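S.K.: Mind having a look at this structure? Questions to follow.
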Amino acid sequence: MILKTILRPLMLTALMTCSCYGTPAAEPVADRSFEAGLGTFLLDGEPFVVKAAELHYPRIPRPYWDQRIKMCKALGMNTICLYTFWNAHEPRQDQFDFSGQNDLREFVKLCQENDMKVILRPGPYVCAEWEMGGLPWWLLRKKDIRLRQQDPFFMERVDKFQQAVASRVGDLTIADGGPIIMVQVENEYGSYGTDKPYISAIRDMLRKNFGDKVTMFQCDWSSNFLDNGLDDLVWTLNFGTGANIDQQFAPLKEQRPDSPLMCSEFWSGWFDKWGANHETRPAADMIAGIDEMLSKGISFSLYMTHGGTNWGHWAGANSPGFAPDVTSYDYDAPISESGQPTPKFRELRKTMEKYAGGRKLPPLPPLVKPVSVPAFEFTEVAPLWENLPESKKDAAIRTMEEYDQGFGSILYRTYLPELTSASMLTVSDPHDFAQVFVDGKYIGSLDRRNGEKELRLPPVAKGARLDILVEAMGRINFGRAIKDFKGITDNVTVTEDRDRHKFVCDLRNWEVFNIEDELPTYTAMNFRPVAEAEMTDGRLPRGVYRARFHVSRPSDTFLDFSTWGKGLVYVNGHPLGRIWEIGPQQTLYMPGCWLKKGENEILVFDIVGPRQARSQGFKEPVLDRLSLASPQLHRGEGDTLNLASFTPVLAGTFRPGNGWQEVRLDAPVRGRYVCIEALDAIDGKDVAAIAELYLLDENGERLSREPWTAVYADSEDVADGNRSADKVFDLQESTSWTTVAGVPFPHAIVIDLGGERNISGLQYLPRMESDAPGAIRNFRLYVSPVPFPL
Ligand code: GLA
Ligand code: CA
């Protein structure tokens, strides 16, 4: 058994294993079936409620797979729901990898050995806060590719990938005696577009590869599932903790009164982004939702039951805007990132036991006990500037993908014309974190999260050297922006104001250094003692740091990076993930199964430079410590919105309850700045909230929200979450702008549309929880070509 052989050297808390639950692998039986019956799923013809735990095998160290599956079983789950990440399985075109961490077949068989059913979600797109939503970056080498559409190259590659998946697990469907009960077609296409022919084509590919017998389904939101719903597929809905469940299923019941109901992603918590508060969701709300669903015979998959880790460079990023995800995918799930039962787990288990048909739930499997590792110093450094790879010359600037590079950083170098006065450098657009140097001196950084593109340059003589070091973070995994090229994606100019004339110089003739994020990039560098390195502005040099640390009894631990800048970490060759001093994540999960008794080697590539090159292992992770220069509020100190000189273009009243509402103007108006002033709330309290907001153009179509920024909100509840103003256009119905309790009405939010637009109406979604907390009653809408005075 994998668990025994691998965990034996680790410290185990000996929890009893009970022989009556050690169910052996089910023998393949002919004529097994799973299908949608009248109002319920049917397993071998009998009513069956799917209680699925979402787990992603590449996010869990392989030696721990079995332990995590057993934890889900102990929680009373009967199914494991999983995605396949195409980019992990085909890192380079036609080079497939289904081994080690990617051994899908082994994972599915392990589920079966544990008597768990499997729901397979082979994408091709999966979202999942994973790099590019699971799509391989090399698709972008075809610059004009249309992703998630019937682009011939895209479809040809999807077919190849799905054939590869089917060749591994196509014989493990329930009809063949395997554990796979359902296969998902695409993923939440409604939040991308409307394209039934494309969805049909993906369905047909899956049919071809998985045969006619397997039940296929598609998942979407209650507000948009009809856009792409195919008649011959089962429809399931996704929504999170706190949602009003009856309200969520109402439109589906109307369409298909006899369909079994399933929440295919019931979000247990939420994911974290760099520079934003750690996300949690109350255990009581999550459990109440599951209790309600089970009491009504509704199937569910708890996303995530155990989130795991975005190893290496696999974390994705959200959009609109650019919000890169942290390395931990703990998700505030019942089973923590390191496989521990949380209080949420223990509470949920009690509720699940009520629905276990009078039987006791299986016991918990043995747990790995996290340990601390004494502090250790990094003794060697390979400074980046002394260790640049070979460069290539390029007249025009190009993206990372055009250099056939998937991950890492690029240093772009050129030489400046004479700049007399202070000039403006414009980098269009740096993806994702650019640092600018003139003659080796650091000038400043451009952070895509904040839309930064411009930096002032000092006066320089002709021929001064300009270096732009651009680090790629995760490719966007959500919305239309998934076609997310890295490096510098357009051009670089210098603008000089001379005699009140603007001179713009398009910089050309680049020398390009491709710094691939691969272990050999770092190990091939020349190291020297850290003791000899000089500090600049309180930091050690940018570069790769190496240490050897001693472990007496290998076990899980959480390595501390709170004194480091920004970069990537490898231990014993395993990519642990990204670090960034801004937080909220300050430690990285270090699985004990990847440590050795005795000496272990750690490498950190820090592109900013550490303040101290040291670390230690903690028994607990630090996932919630933000360290930002300025708070993430959309209200400057002393700002108060003054609407006195403006006339509202609309004054109206929203109706109570959950769900979308639309309001139209008598005639379209034009403007760039939009203010919604909330005058009171439906529930009579002092809080206002908006989950999502769209504006309609002169034809009644939704305006694109890509260029939107939130410029003002009178109050934002960010004390223990992220209920800031930008959440009204983050494309997530489960997140909201919410004001702080105790701050009185009126409340106001101002959005910059990024340019003048015609506006004929608005669509508003209150929060999705029952009774829509913070739902607005009376409101006024203001539109202006110029900013509202503060
Ligand atoms: C959606 C997607 C998932 C994941 C969640 C948020 O439901 O289908 O892949 O991104 O949102 O965690
Ligand atoms: Ca939202």
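Derivation of every value follows stated rules applied to the coordinates shown; laboratory data play no part. Since the structure is predicted, the reported quantities are computational estimates derived from the model, not experimental observations. Glycine gets a Cβ as well: all are built from the backbone with ideal geometry, and neighbour counts include every protein chain shown.
S.K.: When the chain is fully extended, how far beyond the present Cα-Cα distance does W594 get from A422, taking 0.36 nm per residue of separation?
M.R.: 56.8 nm
S.K.: Follow-up. Can you give me the long-range amide H partners of G37? Hydrogens built in the peptide plane at 1.01 Å from N, cutoff under 5 Å, separation of 5 or more residues or another chain.
M.R.: Correct list: L42.
S.K.: Ordered by residue, what ³J(HN,Hα) values in Hz, to whole numbers, does segment 93-99 give under the Karplus form 6.51 cos²θ - 1.76 cosθ + 1.60, where θ = phi - 60° and Gly and Pro are x?
M.R.: In residue order, the calculated couplings are 3, 6, 9, 8, 9, 10, 10 Hz.
S.K.: Could you give the length gained by full extension between R146 and A284, i.e. 0.36 nm per residue of separation minus their alpha carbon distance, to one decimal place?
M.R.: Numbers: separation 138, 0.36 × 138 = 49.68 nm, distance 4.27 nm.
Contour length minus the Cα-Cα distance gives 45.4 nm.
S.K.: Another one. What is the Cα convex hull volume of segment 635-770 when expressed per residue in Å³?
M.R.: 119
S.K.: Sorted by packing (mean other beta-carbon atoms within 10 Å per residue), highest first, where do 413-424, 609-620, 454-465 land?
M.R.: 609-620, 413-424, 454-465
S.K.: If I take R0 = 25 Å and measure r between the Cβ atoms of D752 and L226 in this structure, what FRET efficiency does the formula 1/(1 + (r/R0)^6) give, to the nearest 0.05? Can you show the working numbers first?
M.R.: Details: r = 33 Å, r/R0 = 1.31.
Once the sixth-power term is evaluated, E becomes 0.15.
S.K.: Whole-Å semi-axes of segment 265-369's equivalent ellipsoid, largest first, each the root of 5 times a Cα gyration tensor eigenvalue?
M.R.: 28, 17, 11
S.K.: Calculate the spin-label point distance for Y415 paired with N526, positioning each point 7 Å from the Cα along the beta-carbon direction, and give it in nanometres.
M.R.: Rounded to a tenth, the inter-label distance reads 2.4 nm.
S.K.: Please name whichever of P136, M205, F153 sits farthest to the positive end of the charge dipole of segment 102-212, dipole taken about the Cα centre and charges placed at Cβ: Lys and Arg +1, Asp and Glu -1.
M.R.: Selected residue: F153.
S.K.: Percent of Cα-Cα pairs per 5 Å bin, from 0 to the last occupied bin, for segment 709-784, please list those.
M.R.: 3, 13, 24, 29, 20, 9, 3, 0
S.K.: Given only helices, namely DSSP H runs of n ≥ 4 each adding -39500 (n - 2.57), what is the per-residue ellipticity at 222 nm of the chain, to the nearest 500 deg cm²/dmol?
M.R.: The helix contribution divided over the chain gives -4000 deg cm²/dmol.
S.K.: Considering only L455, P366, I290, whose Cα is most displaced toward the positive end of the charge dipole of the chain, charges sitting on Cβ of Lys, Arg (+1) and Asp, Glu (-1)?
M.R.: Checked the options; the winner is P366.
S.K.: Here's a follow-up. What ranking do S268, S295, S784 get, fewest neighbouring Cβ atoms within 10 angstrom at the top?
M.R.: The fewest-first ordering by Cβ neighbours comes to S295, S784, S268.
S.K.: Compare the Cα positions of C111, Y125, I174 along the charge dipole of segment 100-225 (+1 at Cβ of Lys, Arg; -1 at Cβ of Asp, Glu; about the Cα centre) and return the one farthest towards the positive end.
M.R.: Y125
S.K.: So, one more: Counting only C-alpha contacts under 8 Å and six or more residues apart, can you give the relative contact order of segment 569-721 as a whole percent?
M.R.: 22
S.K.: Between D666 and S627, what FRET efficiency follows from the Cβ-Cβ distance if R0 is 45 Å, with the result rounded to 0.05?
M.R.: It comes to 0.35.
S.K.: Taking the alpha-carbon set of segment 31-94, what are its Rg and Dmax in Å?
M.R.: Rg and Dmax of segment 31-94, Cα atoms, are 15.6, 45 Å.
S.K.: Using unit Cβ charges (K, R positive; D, E negative) and no other charged atoms, how large, in debye to the nearest 20, is the dipole of the chain about its Cα centre?
M.R.: Dipole of the chain, to the nearest 20 debye: 1360 debye.
S.K.: Which of the lysines could a cross-linker bridge to K462, judged by Cα under 28 Å and excluding same-chain residues fewer than eight apart?
M.R.: K392, K393, K441, K453, K502
S.K.: Explain nothing, just the number: dipole magnitude of segment 393-435 about its Cα centre with +1 on each Lys and Arg Cβ and -1 on each Asp and Glu Cβ, in debye rounded to the nearest 20.
M.R.: Around 180 debye, computed over segment 393-435.
S.K.: How big is the C-alpha Rg of segment 496-637 next to the rule-of-thumb value 2.2 N^0.38 Å, as a ratio?
M.R.: Ratio of Rg to 2.2 N^0.38 Å for segment 496-637: 1.35.
S.K.: Further question: Using a 10 Å cut-off around each Cβ, can you sort L42, L693, L762 from fewest to most neighbouring Cβ atoms?
M.R.: Neighbour counts put them in this order, fewest first: L42, L693, L762.
S.K.: Under a plain spin-label model, where a point goes 7 Å from the Cα along Cα-to-Cβ, how far apart in nm are D44 and S562?
M.R.: Going from the D44 label point to the S562 one covers 5.4 nm.
S.K.: Shifting gears a bit: Hey, rough spin-label estimate for R465 and T351, points 7 angstrom out along Cα→Cβ, what's it come to in nanometres?
M.R.: 6.0
S.K.: Please give the contour-minus-distance gain from D497 to E620: 0.36 nm per residue of separation, less the Cα-Cα distance, rounded to one decimal in nm.
M.R.: Full-extension gain reported as 38.9 nm.
S.K.: Also: Kindly put I245, I119 in sequence by how many other C-beta atoms sit within 10 Å of each C-beta, fewest to most. Walk me through the numbers on the way to the answer.
M.R.: Working: I245 22, I119 25.
Listing I245, I119 from fewest to most nearby Cβ atoms yields I245, I119.
S.K.: Hey, another quick one. Using the beta-carbon distance between E698 and A395 and R0 = 41 Å, what value does 1/(1 + (r/R0)^6) give for FRET efficiency, to the nearest 0.05?
M.R.: Details: r = 43 Å, r/R0 = 1.06.
Efficiency computed from Cβ-Cβ geometry: 0.40.
S.K.: Kirkwood hydrodynamic radius of segment 177-255 from all distinct Cα pairs, in Å?
M.R.: With all distinct Cα pairs of segment 177-255 included, I get 13.4 Å.
S.K.: Using Cα-only point scatterers and the Debye equation, what is log10 of I(q)/I(0) for segment 556-661 at each q in 0.10, 0.18, 0.19, 0.23 Å⁻¹, rounded to two decimals?
M.R.: The computed values of log10 I(q)/I(0) come out as -0.50, -0.90, -0.98, -1.27.
S.K.: How large is log10 of I(q)/I(0) for the chain at q = 0.07, 0.08 Å⁻¹ when the intensity is taken from the Debye formula with one equal scatterer per alpha-carbon?
M.R.: Here the Debye-derived log intensity ratios amount to -0.54, -0.71.
S.K.: Would you mind checking which residues have amide H under 5 Å from G761's amide H? H placed 1.01 Å from N; only 5 or more apart, or other chain.
M.R.: Close amide H contacts, sequence-distant or interchain: L665, L696.
S.K.: Another one. In 10 Å bins starting at 0, how do the alpha-carbon pair distances of segment 331-471 split up by percent?
M.R.: 8, 25, 19, 13, 14, 12, 6, 2, 0
S.K.: A follow-up question, please. What's the magnitude of the charge dipole for segment 685-790 around its Cα centre, counting Lys and Arg as +1 and Asp and Glu as -1 at the beta-carbon? Answer in Debye, nearest 20.
M.R.: That gives segment 685-790 a dipole magnitude of about 260 debye.
S.K.: What are the ³J(HN,Hα) values, in whole Hz, obtained from phi via the Karplus relation 6.51 cos²θ - 1.76 cosθ + 1.60 with θ = phi - 60°, for each residue of segment 542-550 in sequence order, with x given for Gly and Pro?
M.R.: Using θ = phi - 60°, the values come out as 5, x, 9, 10, 10, 9, 10, 10, 9 Hz.
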